[in-house]
Amino acid sequence: MLKNKKIKVMLADFLYDNDKGPSYNLVPLNIGYLVSYANRHYGDKFDFKLYRNIDKFIKDFNNEPPSIVAFSQYIWNDDLTQGILKWIKSEYPKILSISGGPMVGITTESIGIFFKTNPSVDLCIPGYGEYGFTQVLSRYIETKGNIELIKNSSINGVAFLLDGKLVNTEAEQLLVKPNIDMEKEITSPYLTGLFDEFLKDSYSPMVQGMRGCPFKCTFCFASKLKIAKFSEKHVLDELDV
Ligand code: B12
Ligand code: SF4
């Protein structure tokens, strides 16, 4: 590896394409927030690339495989993501794989089920992802990317299997809140240009005013998360009004 070369991280929230194009076409706000937060802490060490389109991901991956892959798993892209993960880990076992999103869930039981159905995932981050993701990056640097060493001791906000046993499953207490000051610590991915390539490609913007939900529908992931808000100014700045 070249000295001072940044560590490549590919993040994706995949969409299916049908014969009319993408099944829907919103910017990947979830991984955009992860990268906005991570860039504040480790932007000098990691080079983050965001993807929606699977063909583009595979082309760039084959061109230069990354050191870390990170995927959003929702009910609508779970099979697709699992397939890609299976291929990546069978061909490149040293690439660290991280997952997050509603399919992980936030209870010990759901995280256990997630790992059973996703054996190619090294680490998962239940609930809000920014804090845990950055904790993993820090551990990655300390251990020079050795996956066994990364899993040697627990990582705050992160769950994984060690000898078949779940480590760090205190999701319910720890992870249902963002663990960061969203307003101060998440720079808008719109205002920093992170989404420019998506907007140029006709993806639609989606603006988040708050997280969690004041309603408590029992089936819903969002009803379990603590409410956290962006300020009115933050939202208006993003809307450019
Ligand atoms: C807006 C929204 C929609 C919009 C836009 C969808 C989208 N964004 O892609 C619309 C109206 C289109 C929609 C439709 C549907 N939705 Co919807 N939707 C939501 C809602 C309200 C917000 C999602 C969102 O974008 N949040 C913004 C991002 C920034 O937040 P986030 O997803 O929470 O991301 C954080 C964490 O999940 C985590 N994270 C996410 N990805 C990753 C990746 C990594 C590597 C890491 C470490 C962490 C991480 O970190 C992020 C930042 O903290 C959620 C409920 C909620 N309040 O969360 C439901 C939700 C996502 N929807 C859901 C469902 C079921 C649907 C539908 C299938 C409903 C239906 N039957 O038709 C459809 C399918 C849409 C499709 N893609 O085909 C479920 C998904 C459940 C699941 N297990 O996947 C949710 C969670 C609600 C629920 N019932 O529990 N939806
Ligand atoms: S389904 Fe979830 S996001 Fe929608 S109102 Fe209910 S708790 Fe809120």
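The values are calculated or read from the model by the stated rules, or taken from the named source; none is laboratory data. Keep in mind that this is a model prediction, so the values were computed, not measured. FYI the Cβ positions are ideal-geometry reconstructions off the backbone, even for glycines, and counts take in every protein chain you see.
Name every residue in region 104-125 that is near ligand 1 (Cβ under 9 Å from one of its atoms) and either more than 23 Å from Met182 (Cα to Cα) or touching a Ser or Thr at 6+ places or on another chain (Cβ under 8 Å) (or both), in order of residue number.
Start the filter on region 104-125 by keeping residues that are near ligand 1 (Cβ under 9 Å from one of its atoms), which leaves 104-105, 123-125.
Val104, Leu123, Cys124, Ile125, listed by residue number.
Whether any residue in region 83-90 is at pLDDT 95 or above, buried (at least 16 other Cβ atoms within 10 Å of the Cβ) and under 15 Å from the mean Cα position of the chain (by Cα) is what I want to check. Yes: region 83-90 contains one or more residues that are at pLDDT 95 or above, buried (at least 16 other Cβ atoms within 10 Å of the Cβ) and under 15 Å from the mean Cα position of the chain (by Cα).
Residues in region 122-140 that are in contact with a strand residue (DSSP E or B) (Cβ under 8 Å, 6 or more places away or on another chain) and part of a helix (DSSP H, G or I): Gly132, Phe133, Val136, Leu137, Tyr140. Filtered by the rule that a residue be under 16 Å from Tyr33 (Cβ atoms), assigned to a loop (DSSP other than H, G, I, E, B) and within 9 Å of ligand 2 (Cβ to nearest atom), region 211-228 gives a lone residue, Gly212.
The number of residues in region 96-121 being at pLDDT 95 or above, in a loop (DSSP other than H, G, I, E, B), within 13 Å of the chain's Cα centre (by Cα) and not hydrophobic (A, V, I, L, M, F, W, C) comes to 0.
Would you mention how many residues in region 174-209 are within 12 Å of ligand 1 (Cβ to nearest atom), over 18 Å from Pro126 (Cα atoms) and not in a loop (DSSP other than H, G, I, E, B)? Summing the residues that are within 12 Å of ligand 1 (Cβ to nearest atom), over 18 Å from Pro126 (Cα atoms) and not in a loop (DSSP other than H, G, I, E, B) in region 174-209 gives 2.
The set of residues in region 219-241 that are more than 10 Å from ligand 1 (Cβ to nearest atom) and of a type outside the set (A, V, I, L, M, F, W, C) comprises Lys226, Lys229, Ser231, Glu232, Lys233, His234, Asp237, Glu238, Asp240.
Is it the case that region 145-153 has a residue that's in contact (Cβ under 8 Å) with a residue 12 or more places away in the chain, part of a helix (DSSP H, G or I) and exposed (fewer than 13 other Cβ atoms within 10 Å of the Cβ)? So far as region 145-153 goes, no, none of its residues is in contact (Cβ under 8 Å) with a residue 12 or more places away in the chain, part of a helix (DSSP H, G or I) and exposed (fewer than 13 other Cβ atoms within 10 Å of the Cβ). Taking every residue in region 208-221 that is over 28 Å from Leu239 (Cα atoms) and among the small types (Gly, Ala, Ser) and pairing it with any residue that is in a strand (DSSP E or B) and near ligand 1 (Cβ under 7 Å from one of its atoms), at least 6 positions away or on another chain, yields no pair with a Cβ-Cβ distance below 9 Å.
Residues to consider are Glu197, Glu183; find the one that is of a type in the set (Asp, Glu), modelled with pLDDT of 90 or more and either under 30 Å from Asn53 (Cα atoms) or out of contact with any Pro (no Cβ under 6 Å at 6 or more places or on another chain) (or both). Outline the logic, then answer.
On the way: Glu183 fails: modelled with pLDDT of 90 or more.
The conditions single out Glu197.
Out of curiosity, is Ser231 more than 16 Å from ligand 2 (Cβ to nearest atom), of a type in the set (Gly, Ala, Ser) and either modelled with pLDDT under 90 or in contact with a Gly (Cβ under 7 Å, 6 or more places away or on another chain) (or both)? Answer is yes for this residue.
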